[in-house]
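Colleague: The structure follows.
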Amino acid sequence: MPEEKSKVDMEKIVSLCKRRGFIFPSSEIYGGLGSCWDYGPLGVELKRNVKDAWWRAIVHQRDDVVGIDTSIIMHPQTWMASGHVDGFSDPMVDCKACRQRWRADHISGDKCPGCGGELTEPRQFNLMFKTFMGPVEDDASVVYLRPETAQGMFVNFENVMTTSRKKLPFGIAQIGKSFRNEITTGNFIFRTREFEQMELEYFVKPGTDEEWFNYWVNERFNWYLKRGMRKENLRLREHSKDELAHYAKGCYDVEYLFPMGWSELEGIANRADFDLTQHARHSGRSLDYFDEETGQRYTPYVIEPSAGVDRSLLAFIVDSYAEELAQGETRVVLHLHPDLAPVKVAVLPLSRNEKLVPLSREVHAELRRCFVTQYDDAQSIGRRYRRQDEIGTPFCITIDFQSLEDNRVTIRERDSMEQIRLPIKEVVETLQAKLSGENFVTQPLWTAKPISAVEGQL
Ligand SMILES: [Zn+2]
């Protein structure tokens with residue numbers, strides 16, 4: 001069976017991201033650095049919106065989850081306890097002729113795929129970035145850049161539980177950078193060595209873990225749908241027994257149909273009591289929970305939904321990208337959900353005529369108090385609409401000479417391209433209503449219908 005692929009071409013996405021200031025190659029004036037990318041003026045807004053949407057859903061809109069922000073460099077014992085020092089590695093072989101390094105399990109035969117040279121015996125290569133803390137570069141000062149944010153939650157379990165007076169079940173959430181010295185990177189921002197994660201550790205009473213595991217798989221799958229991702233481009237994949245870590249009771253991946261095929265956006269794992277038990281053992285501190293209702297003392301189980309910020313962002317761009325025929329020409333448009341769109345409203349005076357400037361500036365000043373806006377008066381109105389379509393701006397406001405007479409402006413909607421005229425004093429309220437998540441009606445490109453559950457997926 002041929003590999004299923006998205007209809008969107010990755011080259012087009014990379015080019016749009018560069019052209020419009022979403023994503024640039026890192027340190028490009030020096031020729032770039034492998035697998036490192038910089039978020040430009042629109043990219044940083046989109047990325048913040050993705051993270052805010054997650055934080056709102058996971059932390060602000062719930063009573064049972066609190067957030068933290070922990071340091072990237074942690075006590076080295078953390079990574080002994082977590083198993084990363086001993087187990088977080090890939091088998092590698094080096095070419096004796098060209099010195100290229102390969103993952104042993106990714107090549108067939110015993111010759112270098114690059115030059116045909118002889119290869120070394122496989123060796124384990126740890127994926128953690130290592131550095132030294134303080135002035136002395138010796139074994140005692142070795143520290144690691146965290147390969148996941150999760151351990152920050154486990155080592156703070158007691159601090160957070162005590163200070164926030166939480167009872168089980170409850171969760172600790174974090175968004176932050178992680179680092180993995182991957183041998184194979186690529187597919188734009190999909191797999192990079194420096195990346196950002198959105199992770200939740202949700203602690204539950206043993207015995208209720210299966211139920212909570214199912215709950216979080218559904219929650220997380222629906223999160224993508226509610227932000228406009230198309231259901232046919234999303235799927236859940238259950239890990240087989242030999243894919244599972246030895247301690248894990250179960251794991252599902254939320255996968256997206258990227259241009260390179262189905263790939264992981266997020267993993268939801270039932271990690272049982274592995275993490276807290278390990279940290280209790282290595283630190284000598286009890287991380288048990290005392291259940292006041294039953295008088296029992298036990299180590300909580302944990303359900304971990306772990307999502308990638310960068311790959312979610314990429315999926316949202318790919319999913320919303322469209323080339324459409326409009327008035328005899330092709331327009332490129334990002335049908336981004338309004339929560340995610342970097343710019344919500346663009347103010348476009350019909351021309352640069354000086355009579356239009358005062359009112360246009362006034363309208364813009366009013367709107368930017370409530371929304372992220374852009375003011376654009378360069379080039380023809382048609383080209384400016386196209387420019388806003390291409391960056392996913394849901395609404396454009398046009399001020400023309402008639403506006404000076406009747407105090408009305410034109411609102412153009414991105415997806416339908418429909419235009420309505422409205423009194424200036426009603427603009428803010430109208431846009432607020434249209435932009436508030438679920439009221440926003442667009443093309444059938446994204447699901448405006450509420451999705452109650454992931455039927456038939458579990
Ligand atoms: Zn070679």
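The values are calculated or read from the model by the stated rules, or taken from the named source; none is laboratory data. None of these values were measured; they are calculated from a predicted model. Don't worry about glycine lacking a Cβ; one is built from the backbone with ideal geometry, like all the others, and counts go over all protein chains shown.
Colleague: For segment 49-56, indicate whether the set of residues that are in the same structural domain as residue 167 (by TED's automatic domain parsing), within 19 Å of residue 156 (Cβ to Cβ), in contact (Cβ under 8 Å) with a residue 40 or more places away in the chain and not polar (S, T, N, Q) is non-empty.
Modeller: Yes, some residue in segment 49-56 is in the same structural domain as residue 167 (by TED's automatic domain parsing), within 19 Å of residue 156 (Cβ to Cβ), in contact (Cβ under 8 Å) with a residue 40 or more places away in the chain and not polar (S, T, N, Q).
Colleague: Consider only pairs whose beta carbons are under 8 Å apart and that are at least six residues apart or on different chains; among these, list those whose first residue lies in segment 331-342 and is more than 13 Å from residue 47 (Cβ to Cβ) and whose second residue is of a type in the set (Asp, Glu) and part of a loop (DSSP other than H, G, I, E, B).
Modeller: That search, which allows pairs on different chains as well, returns 333/415; 335/415.
Colleague: While we're looking at this one, here's another question. From the list 198, 161, exactly one residue is in a strand (DSSP E or B) and either modelled with pLDDT of 90 or more or within 16 Å of the ligand (Cβ to nearest atom) (or both). Which is it?
Modeller: Exactly one of 198, 161 is in a strand (DSSP E or B) and either modelled with pLDDT of 90 or more or within 16 Å of the ligand (Cβ to nearest atom) (or both), namely 198.
Colleague: Of everything in segment 209-251, what is part of a strand (DSSP E or B), over 22 Å from residue 276 (Cβ atoms) and in contact with a Gly (Cβ under 9 Å, 6 or more places away or on another chain)? Give them in sequence order.
Modeller: 238 - this is the single residue of segment 209-251 that is part of a strand (DSSP E or B), over 22 Å from residue 276 (Cβ atoms) and in contact with a Gly (Cβ under 9 Å, 6 or more places away or on another chain).
Colleague: For segment 249-285, give me each residue that is of a type in the set (Gly, Ala, Ser) and surrounded by 16 or more Cβ atoms within 10 Å (Cβ to Cβ).
Modeller: 250, 263, 267, 269, 272, 280
Colleague: Related question: With respect to the numbered conditions (1) among the aliphatic types (A, V, I, L, M); (2) loosely packed, with under 11 Cβ neighbours inside 10 Å; (3) within 16 Å of the ligand (Cβ to nearest atom), which one is the sole condition not fulfilled by residue 140?
Modeller: Condition (3) is where residue 140 drops out.
Colleague: Output the residues belonging to segment 77-93 that are surrounded by 16 or more Cβ atoms within 10 Å (Cβ to Cβ), at pLDDT 90 or above and not β-branched (Val, Ile, Thr).
Modeller: Selection gives 79, 81, 82, 84.
Colleague: When you scan segment 79-100, how many residues do you find that are among the aliphatic types (A, V, I, L, M) and within 16 Å of the ligand (Cβ to nearest atom)?
Modeller: 3
Colleague: Within segment 235-275, how many residues are in contact with a helix residue (DSSP H, G or I) (Cβ under 6 Å, 6 or more places away or on another chain) and over 14 Å from residue 305 (Cβ atoms)?
Modeller: 5
Colleague: Residue under question is residue 347, and the condition is that it be surrounded by fewer than 20 Cβ atoms within 10 Å (Cβ to Cβ), among the hydrophobic types (A, V, I, L, M, F, W, C) and closer than 20 Å to residue 45 by Cβ; does it hold?
Modeller: So residue 347 fails the test.
Colleague: Against the definition (at pLDDT 95 or above, surrounded by fewer than 19 Cβ atoms within 10 Å (Cβ to Cβ) and in the same structural domain as residue 65 (by TED's automatic domain parsing)), how does residue 166 come out, yes or no?
Modeller: No.
Colleague: I've got another one for you. Which residue pairs have Cβ atoms closer than 6 Å, lie 6 or more positions apart in sequence or on different chains, and pair a first residue in segment 404-421 that is assigned by TED's automatic domain parsing to the domain that holds residue 356 with a second residue that is buried (at least 18 other Cβ atoms within 10 Å of the Cβ) and among the small types (Gly, Ala, Ser)?
Modeller: Between residues of segment 404-421 that are assigned by TED's automatic domain parsing to the domain that holds residue 356 and residues that are buried (at least 18 other Cβ atoms within 10 Å of the Cβ) and among the small types (Gly, Ala, Ser), the close pairs are 409/403.
Colleague: Something else: Please specify each residue of segment 337-373 satisfying the condition of being among the small types (Gly, Ala, Ser), assigned to a helix (DSSP H, G or I) and more than 13 Å from residue 396 (Cα to Cα).
Modeller: 365
Colleague: Only residues that are in a helix (DSSP H, G or I) and aliphatic (A, V, I, L, M): list them for segment 58-96, please.
Modeller: Of everything in segment 58-96, those that are in a helix (DSSP H, G or I) and aliphatic (A, V, I, L, M) turn out to be 58, 59, 80, 81, 85.
Colleague: Okay, next question. Kindly indicate the residue of segment 109-133 that is more than 15 Å from the ligand (Cβ to nearest atom) and surrounded by 15 or more Cβ atoms within 10 Å (Cβ to Cβ) and also nearest to residue 95 (Cα to Cα) among those meeting that condition.
Modeller: Taking the candidates together, the pick is 122.
Colleague: Let me spell it out: the conditions are (1) loosely packed, with under 13 Cβ neighbours inside 10 Å; (2) among the acidic types (Asp, Glu); (3) at pLDDT 90 or above, and residue 45 meets all of them except one. Which number is the exception?
Modeller: For residue 45, the exception is condition (1).
Colleague: Right, something else. Answer yes or no as to whether residue 103 is in contact (Cβ under 8 Å) with a residue 60 or more places away in the chain and within 16 Å of the ligand (Cβ to nearest atom).
Modeller: yes
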